[in-house]
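Okay, so here's the structure we're looking at.
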Amino acid sequence: MEVLYPHCAGLDVHKDTVVACVRHMGNGTVKREVRTFKTTTKELLALSQWLAAEGCTHVVMEATGVYWKPVWHILSDGDFALVLANAAHVKNVPGRKTDVNDATWLADLLAHGLIRGSFVPDQQTQEMRDLLRTRKQLVREASRHVQRLQKTLEDANIKLDSVISDIMGLSGRKMIEALIGGESDPEQLALLAHRRIRASPEELCEALRGRVTRHHRFLLSLHLQQIDAIDKVIGEIDQEVDALVEPFRATVHLLTTIPGVDELAACVILAEIGRDMSRFPTAGHLISWAGLCPRNDESAGKRRSTRMRKAAAWLKTTLVQCAWAAARKKASYLQAQFHRLRAR
């Protein structure tokens, strides 16, 4: 097999150590040298100097959690072509796995051009990605606290979620705060509802008639404080994202012209796939990279599975939400396509 990169290296990255294998091809023979470095900044700089002294032109490492990132950041200052490998694409034969073997295997694959590099965005895009992923996790955590608050209300036999669609809305929050403050009269609590609430005053009174104890008030107050704290942090993240996305405002505005895509979803899409579309030869390649098309699983001329593969989890969930929103946009082409496909 043809050797494309005669002087390359493979790195097996862990939390505390990096096993590096340098591979040289010359005069028909292969020479390898393996060294182990710690993942401290001093040791990673020593790794970079050693690879440069060995004349390596290409370096490959696996995407192992977040441990590859500091290694990538330090080596990116050198004159190496860095390649980030998907661990699922470079699996070796099981039963012979060691750190040295992993590094050697990566170096051999890279030397023959058998590794397809993963997408590593630029620094600004990475920062946006980190912020928006953190935001999504915080939104999920806030939802969990809302569910815990609702569970506490159920324990007190307060059926507020049965008559109000959003218990954290204007009316629901006023009622919960009044409950925390010690108000227990259902009629007084029902008066706090906004006039646009569909439920009648009688229904509200019945839903608000329960047995709220001091224990329930304490838990309600606790969850409400957590929700407010998370909402405050989410607001700070939104301000930071707004500052980072300013140079790409035109791109974000263009994405929002797609039915179902709002400004937040556009920022997520931009952070996950970047602005350079040249890395995707066609739209089909982008769809495949996002894991939104049936996988290839065929044997003996039979399709065994058409389930979507696991890929780009942060992007996939956002695109699915946008698709559902687009399917509900009245008098739109995408809604018509949705109904046409559903009717099959």
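Tabulated data for the structure shown
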read-out: Residue count, segment 45-57 (criterion: in contact with a helix residue (DSSP H, G or I) (Cβ under 8 Å, 6 or more places away or on another chain) and either among the charged types (D, E, K, R) or open to solvent by 40 Å² or more (accessible area, probe 1.4 Å) (or both)); value: 1
read-out: Flag for His14 being open to solvent by less than 70 Å² (accessible area, probe 1.4 Å) and either of a type in the set (Val, Ile, Thr) or over 16 Å from Trp105 (Cβ atoms) (or both); value: no
read-out: Scope segment 171-198; condition open to solvent by less than 60 Å² (accessible area, probe 1.4 Å), among the aliphatic types (A, V, I, L, M) and closer than 28 Å to Ile230 by Cβ; matching residues; value: Met175, Ile176, Ala178, Leu179, Ile180, Leu189, Ala193, Ile197
read-out: Within segment 139-205, helices (runs of 4 or more DSSP H) holding 2 or more residues that are touching a Lys or Arg at 6+ places or on another chain (Cβ under 7 Å); value: 170-180
read-out: Pair list, Cβ under 8 Å, 6 or more apart: segment 201-223 residue over 16 Å from Glu183 (Cβ atoms) and open to solvent by less than 40 Å² (accessible area, probe 1.4 Å), other residue basic (Lys, Arg) and part of a helix (DSSP H, G or I); value: His223/Arg148
read-out: Identity of the residue in segment 107-127, out of contact with any Cys (no Cβ under 7 Å at 6 or more places or on another chain) and among the aliphatic types (A, V, I, L, M), that ends up surrounded by the most Cβ atoms within 10 Å (Cβ to Cβ); value: Ile115
read-out: Selection from segment 149-170 of residues that are small (Gly, Ala, Ser) and either surrounded by 21 or more Cβ atoms within 10 Å (Cβ to Cβ) or within 17 Å of Leu222 (Cβ to Cβ) (or both); value: Ala156
read-out: From Lys136, Lys151, Lys69, Lys91, residue being touching a residue at least 40 places away in the same chain (Cβ under 8 Å) and basic (Lys, Arg); value: Lys136
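The values are calculated or read from the model by the stated rules, or taken from the named source; none is laboratory data. Being a predicted model, the structure only gives us computed values, none of them experimental. Using ideal geometry, Cβ is built from the backbone for each residue, glycine included, and neighbour counts are taken over all protein chains shown. What goes into the accessible areas is simple: the full protein's heavy atoms, side chains included, and nothing from ligands, DNA or RNA. Shrake-Rupley method; radii C 1.70, N 1.55, O 1.52, S 1.80 Å.
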